[in-house]
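Beneath this line is the structure, given in structure tokens, with notes to follow.
The values are calculated or read from the model by the stated rules, or taken from the named source; none is laboratory data. Because the structure is predicted, anything quoted here is derived from the model rather than measured. Here Cβ is always computed from backbone atoms with ideal geometry, including for glycine, and neighbour counts include all displayed protein chains. Just the protein is used for accessible areas: all its heavy atoms, side chains included, with ligands, DNA and RNA removed. Shrake-Rupley method; radii C 1.70, N 1.55, O 1.52, S 1.80 Å.
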Amino acid sequence: MTMPDLEQALDALAGRVSSLREARTAYPADLAPTLDAALAELDTAVELLAEAREQLRKAPQRTGGKKDGAQRELKLLRQVFRAFPVPVIVLDGGGVVRRINPETSRMLGSPDGYLVGRSFPLLVDVSRRAAFRSHLTSVLQTGHPAAFETRLAHQGRTHVVQIALTKLTMPGEPQQMVAAVALPTEVQLPEPGGRRPEQSDGALLIAAARRQDLLVKMGNLLLDEQALLRPVAMARATRLLAAEWADWVIADLVRDGLPRRSVVVGPKNHPVGELVRQIEAADPATGQVVLQVLERGSGVVLEMVDDESLLGFCAEGPLLTAMGAGSVVCVPIGAGDGVLTLVRTHDRQPFTLADLAVLQEVGLQVGLAVRAQSSYQSRSRAADALSASVAPRNLPDVPGYEASAVYHPGSSVGAEFYDVFPVSGGWGFALGGAAGKGEEAASVSAMVRGGLRVLSVWESDPDLVMRKVNEALVAQGTGMFVMAVAGFVRGREIRLSSAGHHPAVLLQPDGSVRYAAGGGVPLGIAPEAETHVETLTVSPGETLVLYSEGLISSRNERAEPYGEERLADVLGRCAGQAPSTVVKAVESDRNAFSGGQVWDEIVVFALRGV
């Protein structure tokens with residue numbers, strides 16, 4: 001066949017293939033005749049390729065030498081290759097794309113420069129990759145052509161194709177090549193919103209808005225209070241990314257210097273439970289891309305996965321193969337706190353450099369949220385520990401009395417305390433608080449509470465205990481003072497020692513209210529304590545009530561203080577009631593007064609004679 005005959009045959013083939021495309025569009029329900037004709041044209045295409053190769057082999061060389069002849073042969077081959085009306089891909093022995101013709105670019109939606117140098121099997125459906133490699137090896141070794149059906153997925157396009165493989169001997173090439181002719185039998189184009197952003201300015205704007213929307217959603221999600229109170233920041237972030245940006249999302253956090261798998265979120269449209277467990281069990285330290293991102297501190301984007309072993313292995317082989325990965329982006333979480341990996345399958349639009357930029361920002365946000373969460377929870381645990389050190393979990397039974405108390409922490413770590421404890425020949429109680437807020441004030445209150453409890457084992461008078469605690473507090477040099485009251489209960493008598501504390505209230509069975517003297521100077525101000533001591537008799541039916549500064553100083557919306565007069569009114573309405581009812585009534589009235597707001601700690605302690 002001469003060159004003009006070959007060109008004429010190619011033109012005729014192009015016309016027939018165009019007619020087949022029109023038939024497929026016009027009669028989508030009756031594809032069998034079209035498919036049979038397409039397979040026949042595929043055989044024709046293979047024969048024409050073989051004829052073109054034979055013509056090149058027989059072409060006479062000019063006297064200019066072998067070099068000029070080889071160049072002319074390559075030029076002729078390029079012309080034939082570019083004019084071929086069906087997708088043709090030239091592969092080397094390893095299946096790497098060496099050249100594609102314009103029809104292949106049109107079908108796959110990528111320029112030749114994007115695909116050249118990539119591994120062609122990565123475009124093939126995962127279930128047929130092994131078969132493709134076997135066919136490729138067989139064609140290279142035996143020289144016999146091979147054909148089979150498979151799916152190709154790339155750039156959001158999915159094609160069911162018949163692939164014919166033919167061995168080639170290329171002039172000037174040291175290794176043998178294979179021509180893969182792909183004849184589409186079924187095509188699924190990408191969704192309108194899934195096109196590559198480079199196609200139009202409108203698509204660029206939509207893609208940019210979508211990235212901005214992701215940052216806003218992620219920021220709102222991570223700044224939510226629950227993201228600090230509970231360890232949900234990472235789980236929420238990965239679910240958001242999986243819902244809108246990827247088929248697979250994997251989070252690996254650094255623990256003890258090594259990456260540890262933290263979260264794996266897979267597709268929801270098919271069962272992947274077992275695969276998810278395998279990915280969770282895989283060691284991220286075996287993933288080259290994870291270690292690379294941790295080492296460099298910057299993300300990477302693989303628009304097309306060339307090496308499927310980059311993320312490590314599972315029981316089914318390379319993780320990326322099992323996941324059907326077509327495109328991957330991997331970014332650091334925070335400043336070396338971990339790595340976030342997003343995977344898209346072959347039939348979705350690949351990640352781009354613009355996606356990498358926005359996901360690196362997401363990784364930074366997630367890292368900050370994880371650190372804030374860890375810091376907040378550490379401080380919260382410390383605050384809980386301090387709170388536990390200034391209030392007993394349960395009140396003990398005091399013979400001859402009923403006791404009850406309420407304790408509400410304020411807007412920060414509290415400094416108020418109360419306690420009930422055994423003493424020589426009876427029981428003791430204490431209530432008070434350091435002037436100030438925060439962890440230091442709470443620790444001083446805890447020290448005073450512990451000192452009162454311990455010293456009461458050896459001292460029979462609460463006033464001597466208060467004075468020794470004052471000496472210890474002054475010696476510590478904290479610079480803080482503490483208002484406190486301590487009482488020893490022996491029979492019906494209660495001996496009180498007050499150091500600058502509010503006076504206790506004695507509620508009578510008839511509803512009348514009598515305030516004790518209170519007074520004295522707070523602990524920690526001077527080496528010599530100035531306390532006020534008095535002894536009260538609490539008969540059956542009478543209730544002794546002690547309270548904190550936070551109760552009396554609570555304010556309403558008009559900035560009016562709660563005050564001791566209002567407290568007396570509430571207590572008067574609780575005559576004859578159990579201590580638990582009394583403290584709840586005070587608590588409820590204060591909440592109504594200040595609209596439920598609690599700024600300072602509130603303690604109410606009631607002891608009723610029975």
Screening LEU311, LEU340, LEU320 for residues that are surrounded by 24 or more Cβ atoms within 10 Å (Cβ to Cβ), closer than 17 Å to ARG239 by Cα and touching a residue at least 12 places away in the same chain (Cβ under 8 Å) leaves only LEU340
When every residue in segment 98-111 that is within 19 Å of HIS159 (Cβ to Cβ) and touching a strand residue (DSSP E or B) at 6+ places or on another chain (Cβ under 6 Å) is compared, the one surrounded by the fewest Cβ atoms within 10 Å (Cβ to Cβ) is GLY109
If you go through PRO145, PRO102, PRO121, the only one that is closer than 19 Å to GLU51 by Cα and not β-branched (Val, Ile, Thr) is PRO145
_Condition check: closer than 18 Å to GLY550 by Cβ, open to solvent by 10 Å² or more (accessible area, probe 1.4 Å) and among the small types (Gly, Ala, Ser). Does GLY438 satisfy that?_
yes
query: Just to be sure, is VAL570 closer than 22 Å to TYR418 by Cα, aliphatic (A, V, I, L, M) and at pLDDT below 95?
result: no
Selection from segment 121-137 of residues touching a strand residue (DSSP E or B) at 6+ places or on another chain (Cβ under 6 Å) and either farther than 21 Å from ASN101 by Cβ or not in a helix (DSSP H, G or I) (or both) yields VAL124, ASP125, ARG128
Filtering segment 277-291 down to residues that are free of Cβ contacts under 8 Å to residues at least 12 places away in the same chain and open to solvent by less than 60 Å² (accessible area, probe 1.4 Å) yields none
### Message
Would you confirm, using the coordinates I've provided, whether GLU542 is of a type in the set (D, E, K, R), touching a residue at least 60 places away in the same chain (Cβ under 8 Å) and open to solvent by less than 60 Å² (accessible area, probe 1.4 Å)?
### Response
yes
Within segment 102-120, the count of residues that are modelled with pLDDT under 85, assigned to a helix (DSSP H, G or I) and closer than 14 Å to LEU91 by Cβ comes to 2
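Yes or no, residue by residue, for (1) touching a residue at least 40 places away in the same chain (Cβ under 8 Å); (2) open to solvent by less than 30 Å² (accessible area, probe 1.4 Å):
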| position | (1), (2) |
| --- | --- |
| SER512 | yes, no |
| ALA516 | no, yes |
| SER554 | yes, yes |
| ARG558 | no, no |
| ALA568 | yes, yes |
| ARG590 | no, yes |
| TRP599 | yes, no |
* Hey, GLU534 touching a Leu at 6+ places or on another chain (Cβ under 6 Å), of a type in the set (Asp, Glu) and touching a residue at least 12 places away in the same chain (Cβ under 8 Å) or not -> yes
Selection from segment 343-359 of residues under 22 Å from the mean Cα position of the chain (by Cα), in contact (Cβ under 8 Å) with a residue 60 or more places away in the chain and crowded, with 18+ Cβ neighbours inside 10 Å yields VAL343, ARG344, ASP355, VAL358, LEU359
The residue that is farthest from THR543 (Cα to Cα), considering only those in segment 462-482 that are in contact (Cβ under 8 Å) with a residue 60 or more places away in the chain and surrounded by fewer than 24 Cβ atoms within 10 Å (Cβ to Cβ), is ARG467
Among the residues of segment 447-458, the number that are surrounded by fewer than 18 Cβ atoms within 10 Å (Cβ to Cβ) and part of a loop (DSSP other than H, G, I, E, B) is 2
Going through segment 490-526 in order, the residues found to be among the hydrophobic types (A, V, I, L, M, F, W, C), farther than 18 Å from VAL570 by Cβ and part of a loop (DSSP other than H, G, I, E, B) are ALA517, VAL521, ILE525, ALA526
Counted residues in segment 124-149 being free of Cβ contacts under 8 Å to residues at least 40 places away in the same chain, among the β-branched types (Val, Ile, Thr) and open to solvent by 30 Å² or more (accessible area, probe 1.4 Å) come to 2
